[in-house]
């Protein structure tokens, strides 16, 4: 007769502070600091409450770990992931108190949106522990916060986009290329190392270079997974969607992916998705805030700007390649990446005579054969042709790749 073996069940309560510390130290030991994202130097790291928001895969986790190493504050810091099993039986605020009592000064929390009721507990930590610094990362949709603790007057918030072409080159080639201002770019001052051929590198970037995991195998498969998790998990969870609504959101994204650049026809979309006029704008907003799409708006004043959407683009060309059923249109890809880059640091709107307007400047984006007709009515010195298949600037013709040095 065989004796029965009693299986030991997992108990989340057995995960303690020492377990979290061990995980934290392991992650630090695996962190590479050879390339630091541009936004790192823009963060006011002395602020008491810092939020770093962005899409999945843009490098938020890595940047926090890099900062801990660069700051030399490893022994006074703790890095935790909000979806750690520890939090199935422990509260975040209790961890903060324990860490503080042990002499901790800097608490880093990754993917805060995965912790239910996070904003209220962060507010309580901020109010009850005034000498404890809290830095957290989260989904880019978190500014759609409805209810919970009001952190708007307490936090300093930063948004992390995907890699610029400059950052991609620095990571891939081991270079240390600088950022250029828009004025410098318009004068064609961007330079590369001798013998570098920007067009071949730019073509690779357009296909798989917007996200820092481009060096890893299976890039397209991983990117599809990232997009899928955003539309099936992140947005539905945050917006408290049911299964049917989440399915319609996913269908909307794929309709847009096959149609961009897409001038919104809300009536048709409402019929195709079988949703109400009041629901569709919310879906569009969720996709924009989660950085799956970008909305190009007309130039207007005040609140009217929010109502005038001229075109819908996917967030970046890599998503276009990942989601498109055919090879994406070259013209669409050009406009997509120009818009994606420039919106990071510039106020960009649609143009009545060409593609885009930034301040007093007008931009027409095209290929080698693109002429001056669209900007013929623009005052000299204020109209530019942006071309994706030229290496060097000539007069008002600027290579598209140069705009990838704006950040």
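Derivation of every value follows stated rules applied to the coordinates shown; laboratory data play no part. All figures in this text were calculated on a predicted structure; none of them were measured in a lab. Using ideal geometry, Cβ is built from the backbone for each residue, glycine included, and neighbour counts are taken over all protein chains shown.
Points to keep in mind about this one:
- Using the Cβ-Cβ distance between residue 17 and residue 196 with R0 set to 60 Å, the FRET efficiency works out to roughly 0.75.
- Helix axis angle, 118-128 relative to the chain longest principal axis, alpha carbon, degrees: 70
- Take 385-393, 150-158, 352-360 and order them by the average number of nearby Cβ atoms within 10 Å per residue, most first; the result is 385-393, 352-360, 150-158.
- Per the Debye formula on identical point scatterers at the alpha carbon atoms of segment 192-275, with no solvent, log10 I(q)/I(0) at q = 0.10, 0.11, 0.16, 0.27 Å⁻¹ is -0.41, -0.48, -0.81, -1.25.
- FRET efficiency, 1/(1 + (r/R0)^6) with R0 22 Å, evaluated for residue 297 and residue 268 via beta carbons: 0.65
- Helical runs (DSSP H, four residues minimum) scored at -39500 (n - 2.57) apiece and divided by the length of the chain put the mean residue ellipticity at 222 nm at -10500 deg cm²/dmol.
- 5 Å binning of all Cα-Cα separations within segment 228-348, expressed as whole percents from 0 upward: 2, 10, 21, 23, 21, 15, 7, 1
- Folded to 0 to 90 degrees: helix 17-29 orientation relative to the chain principal axis, Cα: 40
- GNM flexibility winner over the chain from 350, 29, 247 (Cα, springs under 10 Å): 29
- Per residue, the Cα convex hull of segment 12-160 amounts to 107 Å³.
- Here each label is just a point 7 Å from Cα along the line to Cβ, and for residue 229 and residue 128 those points are 3.1 nm apart.
- Gaussian network model of the chain, springs between alpha carbon atoms under 10 Å - residue of 202, 262, 347 with greatest fluctuation: 347
- Summarised in one figure, the compactness ratio Rg/Rh of segment 134-228, Cα atoms and Kirkwood Rh, is 1.08.
- The alpha-carbon atoms of segment 165-405, seen along their principal axes, cover 55, 45, 30 angstrom, with the largest extent given first.
- Per the Debye formula on identical point scatterers at the alpha carbon atoms of segment 85-163, with no solvent, log10 I(q)/I(0) at q = 0.17, 0.27 Å⁻¹ is -0.69, -1.58.
- For the chain, the longest principal axis of the Cα atoms and the long axis of helix 60-71 meet at an angle of about 70 degrees.
- Debye log10 I(q)/I(0) at q = 0.12, 0.16, 0.21 Å⁻¹ for segment 286-389, Cα point scatterers: -0.42, -0.74, -1.18
- Measuring spread by the Cα atoms of the chain yields a radius of gyration and Dmax of 23.4, 95 Å.
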